[in-house]
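Here's the structure we're looking at; comments come further down.
The values are calculated or read from the model by the stated rules, or taken from the named source; none is laboratory data. Quick caveat, the model's predicted, so the values are computed rather than measured. Using ideal geometry, Cβ is built from the backbone for each residue, glycine included, and neighbour counts are taken over all protein chains shown. These area figures cover heavy atoms from the full protein model, side chains too; ligands, DNA and RNA do not enter into them. Shrake-Rupley method; radii C 1.70, N 1.55, O 1.52, S 1.80 Å.
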Amino acid sequence: MTLLIAVFAAIASTIAWYLSLEKKSELQLGFLSLMFWGASLMWFVDAVVEYIEEGAEYFNQAPFDMLNDAYLGLVVVALGMVIWLVSLIIKDPKGLIKSRLIGSRK
């Protein structure tokens, strides 16, 4: 389930990045997309290793385990979004935060 959620987040962020290429968006959607593709690759390797260890039993998970995996997947996506937002705030590509901070001092 974590793999599925990470792949959906990676696909959605890649589509957003691709659509923003024409507008020359400064939202660093490529960074977000790469984070989610990296998480997808990590979960894919994890799934392959678990399948090698467990065999066909890997596909017969208990509902409680699937729910825990879903929560973990959502937490990973939320953490990725938080990291992306912090990176966006630190880099401040449009200078909005800097102008607000300098404007409030006057």
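Please list, by residue number, everything in region 1-27 whose backbone N is under 17 Å from a paramagnetic label point 7 Å out along Cα→Cβ of Asn68. Within reach of a label on Asn68, which here means backbone N under 17 Å from a point 7 Å along Cα→Cβ, region 1-27 contributes 1-3. For the chain, the convex hull drawn through the C-alpha positions has a volume of 105 cubic angstrom per residue.
Could you tell me which residue out of Gly103, Ser13, Val49 lies farthest along the dipole of the chain toward its positive end? Charges go on the beta carbon: Lys and Arg +1, Asp and Glu -1, centred on the Cα centre. The one lying farthest along the dipole's positive direction is Gly103. Of all complete DSSP H helices in the chain, those with a Cα span along the helix axis of 20 Å or greater and a mean Kyte-Doolittle hydropathy of -1.0 or more are 2-20, 29-54, 63-91. Taking the protein heavy atoms of region 14-92 in the context of the full set of protein chains, the accessible area attributed to carbon and sulfur is 73 percent at 1.4 Å.
Our summary of shape: the Cα atoms of region 15-66 have principal axis extents of 48, 21, 12 Å, ordered from largest down, in whole angstrom.
What the Cβ-Cβ distance of Ser25 and Asn60 gives, at R0 = 41 Å and to the nearest 0.05, is a FRET efficiency of 0.40. With all protein chains kept in place, the per residue accessible area of the chain amounts to 75 square angstrom at a probe of 1.4 angstrom.
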